[in-house]
Amino acid sequence: MCDERDSKKDRSLVCSYKNRKKTNITINPRNYFNVIALFVRNGNCGCPSQKKISMRIVVTLLVLGMGTWRGYAQPARVVSSDSSFISTLLHLHNSCRAEVQSPPLTWSASLAADAAKWAQHLLKGGKGEHDQSIRGLEGENLWWGTAGAYSYAEMVGYWINEKSSFVYGSFPNCSTTRSAIVGHYTQIVWKNTRSVGCAFSTDGKTDYLVCRYSPPGNVIGENPY
């Protein structure tokens, strides 16, 4: 008998046989069907000494494998105009800005549309990278990570947590060390920035969050607030 146990990245099969101890196998979705082939070829969980398994177990593995594969190969999607998404992203930004008495940001549908285009671009490219074409026109914060593993608050939290390395001063000389990254945080709290627009994208493997700001922050020689 085989029971399926889920985790964020892998699925585990626990196979038990009559009068035998259970055998645990961890299976990544990409290799699921290779493992099934191993079962069919060897007639066991990879242990030649075990008796051949029944066709019932092979069928069970195939059914579980199809479910795993569907969950892994999710269709790409982009979120930028959902009311709950907008409310959450504005709250996260403005709560941070309020701590340093920077005025609250308003949501920009135009910036969100620009962010959505870039978020779609990141899905196609399969990696995080800044849009060099907007330098001086819009500010930009990027985040990416394992699909489904982080909330919006955790994504933005990575930017906000840079304040632990921030010291008040003119940009870029406003960090505890030269190697410390504080630019995402300073863009969020930048006093002259008035609007923000963000987009979230995912392909089922990697999530991306893109936020655009106007006027752009992180102006060399100026104080963040």
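The values are calculated or read from the model by the stated rules, or taken from the named source; none is laboratory data. Keep in mind that what you see is a predicted model, and the values were worked out from it rather than measured. Because the Cβ atoms are built from the backbone with ideal geometry, glycine has one as well, and the counts that use them run over all protein chains shown. In case anyone asks, the SASA skips ligands and DNA or RNA and just uses the protein heavy atoms, side chains included. Shrake-Rupley method; radii C 1.70, N 1.55, O 1.52, S 1.80 Å.
Take the solvent-accessible surface of the protein heavy atoms, probe 1.4 Å, and return the percent of it on segment 87-169 that carbon and sulfur atoms account for. Here it works out to 53 percent.
For residue 99 and residue 194, the difference between the fully extended length at 0.36 nm per residue and the C-alpha to C-alpha distance is 32.6 nm. The modelled label-to-label distance for the pair residue 132/residue 147, using points 7 Å beyond Cα in the direction of Cβ, is 2.9 nm.
With the simple model of a label 7 Å out from the Cα in the direction of the Cβ, residue 77 to residue 109 spans 2.2 nm. Placing a pseudo-label 7 Å from each Cα along the Cα-to-Cβ vector at residue 223 and residue 170 gives an inter-label distance of 1.2 nm. Ordering of 79-89, 139-149, 169-179 by packing is 139-149, 79-89, 169-179, highest average first (other Cβ atoms within 10 Å, averaged per residue). Mean sequence separation of contacting Cα pairs (under 8 Å, at least six apart), scaled by the length of segment 102-225, corresponds to a relative contact order of 40 percent. Protein heavy-atom accessible surface, 1.4 Å probe, per residue over segment 128-216: 45 Å². To the nearest 0.05, what FRET efficiency results for residue 179 and residue 85 with a Förster distance of 45 Å applied to their C-beta separation? In this case the efficiency is close to 0.85.
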